[in-house]
Amino acid sequence: MVSREHKKAAALHEKLQLLRSITNSHAVNKTSIIIDASKYIADLKQKEVTVKTLEKGFQINVISEKNCPGLLVTVLEAFEELGLNVVEARVSCTGSFHLEAVGENDGENVEAHTVKQAVSQAINNWSESNEQD
């Protein structure tokens, strides 16, 4: 019986440490880790990235419920790293952040999930660098 409880406790501890790692939490107790995870999830919900495949590229939408100074530059740098040329864009940075862009490939075969992953990673990197300021 003690062995089963010990295994459950060890499994819970391992899952909490994984959650702590994923959410970049520095908390040490269970409650604080869960609170940090909740904040992390709420922050992710505020930032939305959608990518739609077009005939010669992609339509990329980035939405954040709050103003994000410097995020546009970060997203455009991600486009450049992917070899996407922005051929059309609309941006709103008043009170919130909303970007609609059409990007065309430089002839390289890039898939929509790769674009979404790269833009999402750029946003995460931007978020982390702004938390440290």
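Express the relative contact order of the chain as a whole percentage, based on alpha carbon pairs under 8 Å and six or more residues apart in sequence. Write down the numbers at each step before the final one.
Numbers: 160 pairs, mean separation 27.0, N = 133.
Computed over the chain, the figure is 20 percent.
Provide, as a two-decimal number, the C-alpha radius of gyration of the chain over 2.2 N^0.38 Å, N being how many residues it has.
Computed over Cα atoms of the chain, the ratio equals 1.35.
Which value at 222 nm does the chain reach when only helices count, each DSSP H run of 4 or more adding -39,500 (n - 2.57), with the total divided by all residues and rounded to the nearest 500 deg cm²/dmol? Intermediate results must be reported in sequence, preceding the final value.
Numbers: 4 runs with 71 residues, N = 133.
Estimated from H runs of four or more residues: -18000 deg cm²/dmol.
Considering the dipole of the chain built from charges on the beta carbon (Lys and Arg +1, Asp and Glu -1) around the Cα centre, which of Asn67, Ser38, Asn24 is farthest to its positive end?
Ser38
Rounded to the nearest 20 Debye, what is the dipole magnitude of region 1-115 about its Cα centre when Lys and Arg each give +1 and Asp and Glu each give -1 at the C-beta? Walk me through the numbers before you get to the answer.
Values: 13 positive and 16 negative charges, 222 e Å.
Dipole of region 1-115, to the nearest 20 debye: 1060 debye.
Student exercise: in the chain, how many lysine pairs 8 or more apart or on different chains have Cα atoms under 28 Å apart?
24
Go ahead and run the numbers for FRET between Ala10 and Asn125, Cβ-Cβ distance against an R0 of 30 Å, rounding to 0.05.
Details: r = 33 Å, r/R0 = 1.11.
Given R0 = 30 Å and the Cβ-Cβ separation, E is 0.35.
Each value in this text was obtained by applying a stated rule to the coordinates, not by laboratory testing. Note that the structure is a prediction, hence the values are computed from the model and not measured. Cβ: placed from backbone, ideal geometry, glycine included. Neighbour counts: every protein chain shown.
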